[in-house]
Structures are given as structure tokens and as C-alpha cells.
1. Between beta-carbons, use under 14 Å as the cut-off and find the net charge around A117, counting Lys and Arg +1, Asp and Glu -1.
2. Where a ≥ b ≥ c are the square roots of the eigenvalues of the C-alpha gyration tensor, would you call segment 4-119 rounded, which needs a/c under 1.5, or, failing that, prolate if a/b is larger than b/c, or oblate?
Amino acid sequence: MSDECCTKNQDVMILACSGASNLGQLANQAAVELTREGFGKMFCVAAIGAHLPTFVEAAKKSEGLITVDGCAVGCARKILEHADVPLQAYVVLYDLGIEKNSNTNLIPSEVEKVKAAVKDSLKGRMTTVSVHAGKSRSCCG
Ligand code: SF4
């Protein structure tokens, strides 16, 4: 088995608000790209909002949950609150200095900024997330 997969935070769950603004779509695009790059997996925040038991339980069990909201309205955070899912790492893109607008033609440098912030949100707390004995969903299990 390759050791590489164990270094890529395969058990990290990324919840993006995916809202209808540049910030919501930046959150979404960052989650998509990080998933493609092997840094965690994007997860359906709408399914948690719909209180679908499988999704809610998976989020509750996650030890590497990153919630990414575009702005201070905090929709993804509130969805977690309503479903009694504890907030773990949390990123608000507006706090990164990106102004909210309705232009969904994303700026690549801003996508990279968001991806870096999402990764930074886990620093110091996620070093063993991919190697939980007996319950890993990754190839390390
Ligand atoms: S947090 Fe802001 S950008 Fe995201 S869905 Fe809510 S209002 Fe839209």
C-alpha cells in the first residue's frame, strides 16, 4: 500500500456554502479543487440542511470537518447548527479580504487564496486524520 494517500487528509470533509455570489462560488470551487487534489473530500451541505440522516451522522462523526462560508451570513455554519453538527475548522472568505459581488467569473488567484486558507484552517490539529485505525474511509484503513 502506498504511504502517499495517508499524507493527503483523505478523511477531511469540506462543506462549502456554494452560494450564488463570487464568495459562495469561490468556496465551492476551492472545495472542488482541493478534493481533486486529494486534500479531503467535498461533502453535501444541502443534504445536511435537508436533515438526511446518513449525511448528518457522517458529519457528526467526522474528525476533520472544514466549513467554508462566503460571507458573514454564515449559511453553512447555520446549517450545521440546525442539524446539531459541531463546528470544527471554519473559514469565512469575506474575512480574507475578498469583497462580495455577483460576478461568478472566478479569479484564479482568489481561488488559490481560499484553498490556502482552507488548508491553514487545519494546521496543528489534523496530522493524524487519515490514519484512524478501524474506521478510515481512505486507502489507509
Ligand atoms: S454564506 Fe454568504 S455567500 Fe454563502 S450562501 Fe450564505 S449568503 Fe451566500
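Rule-based calculations on the coordinates, nothing more; no lab input. Given the structure is predicted, the values throughout are model-derived calculations rather than measurements. Here the Cβ positions follow ideal geometry from the backbone for every residue, glycine too, while neighbour counts run over all protein chains shown.
1. Once positives and negatives cancel, what remains is -2.
2. Oblate, since a/c reaches 1.5 and b/c is not below a/b.
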